[in-house]
Structure formats: C-alpha cells, structure tokens
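Peer 1: Quick one: this structure, given as structure tokens, is what I'll be asking you about.
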Amino acid sequence: MCHNDRSGASGLSLTSLDAMRKGGKRGPAVVPGHPEQSMLYRVISGGQPKMPLQGEPFSKEQVEVVRQWIQDGAPWTAPQQWWSLRPLVKPQVPRVESSWVRTPIDAFVLAQLRVKGLQESAEADRRTLIRRLTFDLHGLPPSPEEVDAFVADSSPDAYERVVDRLLASPRYGERWGRHWLDAAHYGESHGYDKDKPRLNAWPYRDYVIESFNADKPYAKFVKEQLAGDVLFPGDPKAIVGLGFIASGPWDFVGQAELREGTTDKKLTRLLDRDDMVTVTMSTLVSMTAHCARCHDHKFDPILQSDYYSLQSVFAGVDRSDRTFDDDPEVFRHRNQLLAKRRPLSSALRVLDDEAAEISTEEIARLDAKVAEWKQVNATDPANRSAEIKRNIAEAAVQRATLVKAALPTKSVLEMERLHAEISAIDKEIAQLPKPRLVYAASNYFEPQGTFRYAAEPRIVNVLARGSVDNPGALALPGALTAVSGLKARFDLDPAAPEGVRRAALARWITDPNNMLAWRSIVNRVWHYHFGAGIVDSPNDFGHMGSLPSNPGLLDWLATEFRDGGGSFKKLHKLIVMSSVYRQASSGNAANARIDGENRYLWRANRQRLDAESLRDAMLAASGKLDLTMGGPSVQQFFFKDDHSPVYDYARFDPDNPANFRRSIYRFIVRSVPDPLMDRFDCPDVSMVTAKRTTTITAIQALAQMNNPFVLKQAEHLADRIQSMSSAADEQVQLVYRVLLQRKPRAEELATLRDYLGRNGLPNLCRLMLNTNEFIFVD
Amino acid sequence: MTSRRQFLWGYGGGLGGIALAGLLGESGLLADAPAGLHHPAKAKRVIQLFMSGAASQCDTFDYKAKLIEKNGEKFDPGGKVELFQSSPGAVMKSPWDWKQHGNSGKWVSGLVPHLASCVDDMAFVHSMVSKSNVHGPATFMQNTGFILPGYPAMGAWVSYGLGSMNKDLPTFVVLPDSRGYAPNGPGNWTAGFLPAAHQGTMIRASSPNPIYDLFPPKSASYLKPESEADTLRVLNQLNSRHLVSRAEDSRLEARIASYELAAKLQLSAPEVMDISKESKATLELYGIGDKVTDDFGRNCLVARRMLERGVRFVQVWSGADNGFPRRNWDSHEDIAKDHADMAAGMDKPAAALIKDLKARGMLDDTIVHWATEFGRMPCSQGSKGRDHNPFAFTTWFAGGGFKGGVSYGASDEWSYKVADKPTYCYDTHATMLHLLGIDHKRLTYRHNGIDRRITDVFGEVIPELIA
C-alpha cells in the first residue's frame, strides 16, 4: 500500500479513519457521509480514475462499496473493537427455562436456538452415544462389552462414568495428541529435496501424548513448547517440548550446502523462521501474522514490524537434534558442561573461519588436485579407486599443515588452547551416561556442512516487500501490537541469551490477559469435538476468518478454562456432559431450512472417521491392535537410504507387526505420504492444519476395497470370528457386534447369510469394513 | 448456507466431483467447460513435461554466439557471480552445434534434433527467472508458485477450477520417471490445502499396479474377480438401508456413488495404459521399443491416450533425484555426457507428442508445456559441467492457443542473466490459466487467513505468446 503511515505518498495515510479524515497534502481523503467531497472516492471513480497509479482501476462494484461506506458515515473498526481482540470478560450465562439444559453450555446454545427459531434435538440412543464418545476421546470404537454394559446401566451417572473412564485412559492422550500434532504440522522427515528421515522427532510426539494424559495445564504446555529450556531448566521433559518449534519442514540443501552470505542462504533462514512464526501464531493465538511478511497485514491490525519482531524471537535457534537425559541430575550436569563449551567453540569457530580463508599458491594447487580427484570419484565409477580416496585423505592432512604454517602464531596458540579446553570438557561429557536425542529448537549443535548454530541471535531486519535484499529497520523481539494490555515489544537486554526472547513470547501468549490465546484453544478443542469450531476458522480469528457463531459461549468457555487452571480434561468433560453434545445427529427439515449447516448446533454432526481413527478401528476389529505406547516411530514402508532416500509403501509386508501399532506411532514422511492415509485426507504435514478436509472419492473407495492393509485386517477379523463360531448366522451377528456394536436387522442377516454362503467370511468382513455405517459416526 | 457449487468443490473435483455430478443428475457444473471458468477458453487440457534437475538453456534453445567466440576465456559478465556450488570457471560453449530450423529460423542445438523439427509450433520464453537456486524450492516454485512445501500444484488448481471432463479417469495425472522421484517427490503434485481429491494421481506405467489400490494384491487370495459384482451389490444394499433414516446427508450418497465410479476406473485405467493397439508407426514415432526412448516414450504415449479420454492435466517427468550416477538433468560434472543421456531419452518422444497431437487435431486445444526448475551457467564447473543458473532459463509451450514459432524475452549475451522481459512462473501460470479460461486472480482458496492463488500476488498474462 502506498498510502501508509511510513511511506505516506502525498502525505496521505489510509491506515486509520483519523488519518483519512486528516488527509494529505490535497485535503481530507474521507468526509464521512459525503462521498462527493471525499478525495478517496473522487480519485478512484469516474471515467478515467486517477488512482491507483499502478494496476487496474477498481471495478464499478468496488467503487460502489467505497461510496456506500463513506455514505454510511465511514464506520471504522478499531483493533480493540474487533471481536477476537476485545478483552476477555466472563459473560453471564443466559437464563433459559428448560429441562434440556444440563450445563451452562446448553444454556448458551439453547438461548440462541430459540432466537433463531430452531428446535433442539433429543438425546441420541446409548449405543450411538458411547460410540461417539469413544471415537471422540480415544479415536477407537468401544468394545462390544463396553456398549453392553453402558446400555444396561440404569444408574443416573452411567454416562458420566463412561466419560471419566475414557478420560482416564492413556488412549485419550493418543487421540488428542494426534490433533495437536496436526496443528503443529509434525512430520518425521525434512521435506524438500532429499527429504532425509528425522529419526529423533518422536520424543516430542511422546511428550505431547504424555502431556495430554497428565492433563498438563495449558499455560505450562505452551511455555514448555516455546521455551522449556529457559523456563523449566531443571526438567528434561520440558526441553522435549521444543520439538514444537522444529516440527515443520527443513531445507537441507539450503541450510547445509549453500554458502554463508549468499542470497539464497538468507532466504532459506528467513523462510525457516517464517515457518516457526507461522506455526506459533496460527496454533497458539489464531492470528495470521505470517501474512505481514511483505507488508502490514491487509485485513488485520498486524504490522509488518510485528511480524519481524516475531522473527527476531526465533533468531537464535535452528532445528536440530539436541540432547537430554531422563535423569535430571545428569541432565543438569550435561547442560552445565555444554554451557561452558559453547563460548569456547564459538571462539574457535572464528579462528577456524579465518584459517579457512587462508590461501597460498601451494594450497591452491592442492585444492585443484583434490577437486579433480573428487570429480572422478563422483562421476566416473569405473576409475574410482582406493588410491584416489587415500590421496584425498592425505591431501587433507597436508593442507592442514600448510594452513597452520601460514597462520599467525598467536592464532595457532589460541586454537590449541581452545582445542585443549574443549577436549577436557568432552572427556567429562563422555563420562556421563549416553544422552537421549530429540529433534527440537536448538541454539547449540554440531555443524553439518554449512549449517551451524548462531553464536549470537542473527540480525533480523524489517524487509521491504519481504525481500532479503531490502533490509530496513532492525527488528527487536516482540509480538502483536494489537493485543491491548500486553507489551508488544519485549524490551530485552540486548546482551541477554536468545532463550530469553522465546521465554518472553511464551509469557506473552500465556498471559491471562491474552484474549487471543484463551479463545483460540477452547475453540480448537470445540472444533475437534463437534467437527466445526464456534469460530469455523480455528487458525484465523481475523477479518478473513469466520465470526464466532456463539460469542458468549466462546468467551464463557475461554474464561472458565483459563480460570480453572487450563485443564483439558475438565474442558472435555464440560463439553461432552452437555445436552448439546448428546443430541442425536438425525435431520430435521424445518431446522435445515434455517440452518442447513448446523452452525447453531441443533443436532450432532455426523462425522466420517479420520484416517487414523479408521485405520485404528480396523485394527481394533481384527484383534491385531498393538497398544504399546511410545518409542521410535514404526516405519510402514520399505526404506533405502540414498542421496535421496527411497520410501516405498508398495514394498512393505502388510502383515509386518509394525503395522499393528496405533496410527499416531507411524513414521510420517513429508514427501511421500502413505497411500491409504492420504486417500482419507491425512494432511500434507508441510502445512499447519487447523481443519482437515473430508473428501469422498472413487480413489478412496478403491483404497478401502483393495489396500493390502485393509484386506489383511479383513482376513484377521474373519479368523477371529471363525474362532468364536462356525455357524453362519452367528458369524454375521458377531461381525455386526464387533464392527458396529449392534445386532443385524432380520433382512440384513438374511442378505449376509446368503452372501457368506457364496463368498466366505473374509469377503464378508471386507464388505463390512466398507459400509458407511462403519466409516461414519452418528 | 454452503452453495451446491461450494459443496461440489469441497468434496469433489477429481473423481469425487464426478460422483456428485452423477448424483445430482449431471448438474452441468462439472461438465466439459469449453466456455472456461471466467472467460472463453482456448485450451481444454494441459500436458506438462518436467525436466528435473535443471535442463540447460544454453545447450538447447538459447543460442549465444558469444559463448562460441569466447570459449575457454575467463567468464566476466561484470559484477559478482554467485554460484550454487562452485566458483565460476571459464566460458564454455555448448558441446553441440547450433543450426537454424523451420520457417521461424529458430536456433536449436544438436542436442534436441527432433524438437528442432517442431519449432514452428513452439513459443519459447528465454527470460525465465527463479526465486531459488536450490532444486527443492525451485521445483516447488515451478509446480506450485511457491518455494515452500505444502502449496497446491498447478494440476490441482486446474482440477479445482475446472473439474473433470470424463467420468472414469482422474482429472490430474502424474507419470514420474521410472528411475525415481524428482526432488520433493510427490510433494510436487500435492493438493496442498485444497481438498485431497485434487491431488495428482500417480501412475507408474511400468509397475504391475500402476495406480495404488486399483486392484487387490494377489496375496489376498480369498478375493475372486467373479464375486466383486456381488460384493458391490450387497454393499450398495446395506448402504442404501443405512441411508433411509439419514437421507439428508449427501455425503453418504456420494460415498455410495463412489463405489460405482471406482468400478468404472478399474475398467478404464488398464485400457488407457494398454498401448498394444497403437499402430506400429505411432509406437515408432514415440521411440517405443528402443531402450533409450522407451521409458519416456511410453509415458508420453500413455499421456496422449489420457488426454484423448478427457484427463485434464497430465504431468510427465524426465529425471529422478540428484543422485549419482546422474539420473536427471543436474549436470554439474559433465554436461556433454549427462545432458546427452537425458536428451536422448526425452527429445524424440516429446517431439512425437507434439506431432501426434497435431495429427489428431488435438494440439489446438491442448497446451504442451516443457518446464524445468532453473537453467545452467554459461561458464564451466570443474572443467566440463555447469552449475545452477536461476537468473535466466528457457521454457516453451506448444498448442492450446499459444502462438507457434515465437520467442519471448531474452537473456543477456552470455545466457547468464535476463536482459529483456524477466518472466516468472507467475506469468507462465497466469498465461496457461488464461488460455484455459481462468482468470488467475480469481482462482482462489482461503487458507490460514489468505485467499491463496497459484500466482501469489503476482502474475501477468503474456499476450505476445497468445495466438
């Protein structure tokens, strides 16, 4: 935009109503109520509009919008007036007279249904309820026995006991952890060219699961993921949370092969931090800060300088393996040693870099020879020989001697001193038990090619048009200026270590007065329970996102959650205990005419199983489900490490026990998705996913019919049923009981008995795995 | 309330779209759209040939007398020369001789003699620029318009925008090089944040199961081909019964229809891949049977058969990853050897495709696009190779409303940097979409707060390229 606060072409800024009324050199741009007197309207309308200077003139419709807006008095929303930026105040629960109301949630929803002329739905039957609850809280079907017990239980707290049982089970953390991993765009390979596996990402996945199972307070959960190393220095688990920052893709070639100082290197780093900013702000405060990389946000009050302040928060970290120890004492000791080692290796690096610049004629000749040998090695396999390899190794030694001779004595001595100190520390480190590794945000790691830790946080400038070639003002750590009541720039000591920046952002996000964060998380949880959020754009609470369908409810939940200690389990219980949640999913023609999309929740939303739940439900039915928790991810593909590794799902035995673990434990390759999961809309983990899409395609039908994994599970299910009964009728009944948790109707029984006779039990099981009733949850 | 169109787009496109179109009584929304989405279309379909690893412009179509004249001298174009891997070597002329071809008198190197015979049908852009010098990001850029992973490929956008033209094949099909995936792998044909139905369906023409799960594996011995119809019939019966009390939920109905379409795909996919009934002359034209050209030729011929049957967007890859021995166009070490190998496999089939489409009257409404992620340096790397050049490279088009025998934009006298009309993939994407009847600025999808388009916030249609 040309007319902003800084550039202000013709002295005019169009960034606020005040600025427009004041106008520029040529007078006020906007005179509310009087389009014809408003310069803004005059320059963009007429036969040959003067503005915009570049690009196409505005369309008739666009000009009319402006005219109408000025005519209406130019209403302007100040940041604080935008719904998501208003301070969070606990609203009054509406008073609604109805026995349907069990919880405040019901009061909020029913009050709105009444206003809209919508009729709430009756409670779903018990089989539907327990199926819904179990898939929702565990991502698994209930066992037939669990269904029987609940259906038969006439005590008034029967439902509540099911809820409590489900929330207490470790299956809960596996289900809700999976949701969090979507939001965090967690993957286990780097992506891009080469797409190397990331073998130590999984401890973060386990950390997420454990955090949900332990009902970790949300503020702590967030703080650990952004700055666990700084805010909880004695706790090894907190470091593992830093996997959040590192969960996205990483450009191996750009990071490790490009030379320092090149434009592409700068671009690689800019985009690497961009990913960190995007995942943090989208997931934790539902703001699209990443839209302000090239200019101030076009729709929301997010400044370009806000964006670069956020980049500055992450300017001291990269994505890398980092060590931790289960034993806090060892952990503390190791960190002390590493803290001592870091400045030494930084000093040594400066000297090494100087040495690398040294060149003499002799060194140049040697380098040229080595280049030749390497060329032969790389391109001419026939002439590749041990001799060449030896030559290259010998040349390296020779080179070091030549460089040393060319260096000033002072530098050589200093290098020797540093080497000695470092190796003394390394000896101490070697005494410690072997550390564990997690792929996480890190400010100290072993170099890999040209990928090296930042000794000091890297300089971040505001970039004109987002171009690394146009650095502007220095950006200091901070967050969003539009969040009133919180300091948008952190005013940190410039000499403070980088972690202080992340800690400041973590505090800013989790501050009780950060209205965005608390609204964001309760909406996200609501979204997963109902299939749609109160705000249907869980990662965007700005002007381009949706408006809350029930603002009072959202704020009530946000304050309740915040003030109740940020307990997810309490929030889940609050939600699933409500009458709103317990409604049937059946249609109602009169309601549908008013609210066909069910935004106001006059019924439950029928949901198609997501890829993981579908896969896990098949394993549960076949009896093969292996409930082992945690540990390295299971690779459900043929793997060959190469220049570009090969991941081949077709060359993998579907009966390999690795396939029987819950889907959250599968190894997620960024570039080559699992074909079955992919068909069922498992998202591309290069992107933050707030909401999964649900598609229905022929290719998907083919997968469920023919995928080797599915076919194997059908076979295992058949074996399981066969071992329980050999009578046809009973077999059909058992398949229904296991897969659908109900008895077949008479005509279903008759049809399938005949089918079974013609095609056998494995075919029957395969058929049933393809039914809509199995794949959708009412 | 969600409009029917949004609903179709949300759940469909690709085969899902067909499912729903069928379901809604051939509503016409997804019908063959000669009218285009925003304006009359000149092209209905696209075939894109992607040269993975970066095909050299100065060894193919970007003729520079200066390189011949200054061969072996110090490369000094003025200013700092920043290369990907190496320090700049000496000026290096192409190992191949150059000749003028066709009525347009286009200079083409001896590396691609067959394509040289098609120059009067081709529109060259010699002023392409990439925003990245690295294969992964640059390959993403040419495919998706962004140098980051996770954005939808052009084929996905076209599927989203125009939907399907057929009832029993996917809308967007990708044929990878049989030696393996290019940098980024299937990430190059992802639907990104668009509904998954729009992603490229990968067809591995040389594999026994060319589409994942098209047929059950042999290991599932309990399945008998003759019982499949029975299974589908009973499944339909159960699903219809389930639907009775849930009639308002069109997703359930769509899922029922999806099984009918799956059965159709099982019939049509093998048919489209079976080239045995093609004439001997055709097989010869594509170089099928000759070891050097068989692989790419087969893919090109299968691609033509798909286009004939209404597949909207086909992408064929020449080149796998950047490993050793070289199996793509990334000729850092020895351009004469490695480019010769790659071009020998690509040249004849690519030219065959243009000629064949033309002979069948399909070239008029089919865009042929020859693409690569960036170019190569006019100076040497080592002594015989060329490093990456993101500052100037060549792409060309044929058919589908593109003008024949034209060259647009120019690199400098070295073929080092663009000298005239710098062009990004934004502009070529915009131009292709324009010919498909789509205004690139209006083909958008809201994701994470931004109305995304393949051209980001850029892109100008290039009128000089349009017939």
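Any read-out appearing in this document is the output of simple, stated calculations on the displayed coordinates, not a laboratory observation. Just so it is clear, the structure is predicted and the values come from calculations on it, not from any experiment. Methodologically, a virtual Cβ is constructed for each residue, glycine included, from the backbone with ideal geometry; neighbour enumeration extends over all protein chains shown.
Peer 1: Once you compute Rg and the Kirkwood Rh from C-alpha atoms, what is the Rg to Rh ratio for the stretch A:531-663?
Peer 2: Result for the stretch A:531-663 is an Rg/Rh of 1.10.
Peer 1: Given chain B, report the % of alpha carbon pairs whose separation exceeds 29 Å.
Peer 2: In whole percent, the long-distance tail amounts to 48.
Peer 1: Then there is this: State whether the stretch A:430-504 is rounded, prolate or oblate according to the following rule on the C-alpha gyration tensor (a ≥ b ≥ c being the square roots of its eigenvalues): a/c under 1.5 gives rounded; otherwise a/b larger than b/c gives prolate, and the remaining case gives oblate.
Peer 2: Oblate is the answer for the stretch A:430-504, as a/c is 1.5 or above yet b/c matches or exceeds a/b.
Peer 1: Another question, if that's okay. Suppose we flag GluC sites (Glu not before Pro) only when DSSP calls them loop and at most 14 other Cβ atoms lie within 10 Å. Which is the longest uninterrupted stretch of chain A?
Peer 2: The longest such stretch corresponds to A:261-596.
Peer 1: Please give the Cα centre distance for the stretch A:174-211 versus the stretch A:704-778, rounded to the nearest Å.
Peer 2: Cα centroid to Cα centroid, the span is 34 Å.
Peer 1: Follow-up question, since we're still on this one. Evaluate Rg over Rh across the stretch B:218-294, taking Cα atoms for both radii and Kirkwood's formula for Rh.
Peer 2: 1.24
Peer 1: Rounded, prolate or oblate: which one fits the stretch B:137-276, using the alpha carbon gyration tensor with axes a ≥ b ≥ c (rounded when a/c is under 1.5, else prolate when a/b beats b/c, else oblate)? Write out the running numbers ahead of the final one.
Peer 2: Working: a/c = 2.48, a/b = 1.43, b/c = 1.74.
Here the stretch B:137-276 falls in the oblate category.
Peer 1: What's the center-to-center distance, using Cα atoms, between the stretch B:130-165 and the stretch A:438-475 in Å?
Peer 2: The stretch B:130-165 and the stretch A:438-475 have Cα centres separated by 26 Å.
Peer 1: With a ≥ b ≥ c the root eigenvalues of the C-alpha gyration tensor of the stretch B:38-96, is it rounded (a/c under 1.5), prolate (a/b larger than b/c) or oblate?
Peer 2: Prolate.
Peer 1: Here's another thing I want to ask about it. Spelling out what I want: for every residue of the stretch A:276-290, take phi, set θ = phi - 60°, compute 6.51 cos²θ - 1.76 cosθ + 1.60 (Karplus), and round to whole Hz; glycine and proline get x.
Peer 2: Values, residue by residue: 5, 5, 4, 5, 5, 6, 5, 7, 9, 10, 6, 10, 8, 4, 4 Hz.
Peer 1: Let me ask something else about it. Going by Cα centres, the stretch A:523-591 and the stretch A:640-685 are how many Å apart?
Peer 2: 33 Å
Peer 1: Same structure again: What list of ³J(HN,Hα) couplings, whole Hz, do you get for the stretch A:487-504 from phi and the Karplus terms 6.51, -1.76, 1.60, once you set θ to phi - 60° and write x for glycine and proline?
Peer 2: So the Karplus estimates, Gly and Pro as x, are 6, 7, 10, 7, 6, 8, 4, x, 8, 5, x, 4, x, 4, 5, 5, 4, 5 Hz.
Peer 1: Here's a follow-up. Using only the alpha-carbon atoms of the stretch A:202-290 as identical scatterers, what base-10 log of I(q)/I(0) does the Debye formula give at q = 0.13, 0.16, 0.18, 0.26 Å⁻¹?
Peer 2: The computed values of log10 I(q)/I(0) come out as -0.52, -0.73, -0.86, -1.21.
Peer 1: Viscosity 0.890 mPa s, temperature 25 °C: what is the translational diffusion coefficient of the stretch A:50-184 from Stokes-Einstein with a Kirkwood Rh over Cα pairs, rounded to a whole number of µm²/s?
Peer 2: D, rounded to a whole number, is 119 µm²/s.
Peer 1: Ok, one more. Among B:C300, B:T282, B:F313, whose Cα sits farthest toward the positive end of the charge dipole of the stretch B:189-322 (+1 at Cβ of Lys/Arg, -1 at Cβ of Asp/Glu, about the Cα centre)?
Peer 2: B:F313
Peer 1: Further question on the same structure: In deg cm²/dmol and to the nearest 500, what is the mean residue ellipticity at 222 nm of the protein assembly as shown if only DSSP H runs of at least 4 residues count, each as -39500 (n - 2.57), divided by the residue total?
Peer 2: -13500 deg cm²/dmol
Peer 1: After finding the eigenvalues of the alpha carbon gyration tensor for chain A, what semi-axes result from the square roots of 5 times each, listed largest first in whole Å?
Peer 2: The answer is 48, 41, 25 Å, longest axis first.
Peer 1: Return the percentage of antiparallel bridges among DSSP beta bridges fully within the protein assembly as shown, rounded to the nearest 5 %.
Peer 2: 60 percent
Peer 1: Sort out the exposed loop trypsin sites (Lys or Arg not before Pro) in chain B (DSSP loop, at most 12 other Cβ within 10 Å) and tell me the longest stretch that has none.
Peer 2: The reported range is B:81-217.
Peer 1: Sticking with this structure for a sec: Short version: what are the Cα gyration tensor semi-axes of the stretch A:152-270, square root of 5 times each eigenvalue, largest first, in whole Å? Provide the component values of the computation, followed by the final result.
Peer 2: Working: eigenvalues 301, 55, 21 Å².
Three semi-axes, in Å: 39, 17, 10.
Peer 1: Here's a follow-up. With +1 on the Cβ of every Lys and Arg and -1 on the Cβ of every Asp and Glu, and nothing else charged, how large is the dipole of the stretch A:721-776 about its Cα centre, in debye rounded to the nearest 20?
Peer 2: Using Cβ point charges on Lys, Arg, Asp and Glu, the stretch A:721-776 gives about 100 debye.
Peer 1: Pull up all non-local amide H partners of B:V46: gap of 5 or more, or a different chain, and H-to-H distance under 5 Å with H placed in the peptide plane.
Peer 2: B:F313, B:V314, B:I367
Peer 1: Putting +1 on Lys and Arg Cβ atoms and -1 on Asp and Glu Cβ atoms, find which of A:G564, A:G485, A:G254 reaches farthest to the positive end of the dipole of chain A.
Peer 2: Farthest towards the positive end: A:G485.
Peer 1: Using the Karplus curve 6.51 cos²θ - 1.76 cosθ + 1.60 with θ = phi - 60°, work out ³J(HN,Hα) for each residue of the stretch A:669-677 in order, rounded to whole Hz, and write x for Gly and Pro.
Peer 2: Once θ is set to phi - 60°, the couplings for the stretch A:669-677 become 8, 5, 7, 10, x, 5, x, 5, 5 Hz.
Peer 1: Specify which residue in the list A:N461, A:W526, A:A506 is farthest towards the positive end of the charge dipole of the stretch A:455-576, using unit charges on the beta carbon of Lys, Arg (+1) and Asp, Glu (-1), about the Cα centre.
Peer 2: Highest projection toward the positive end goes to A:W526.
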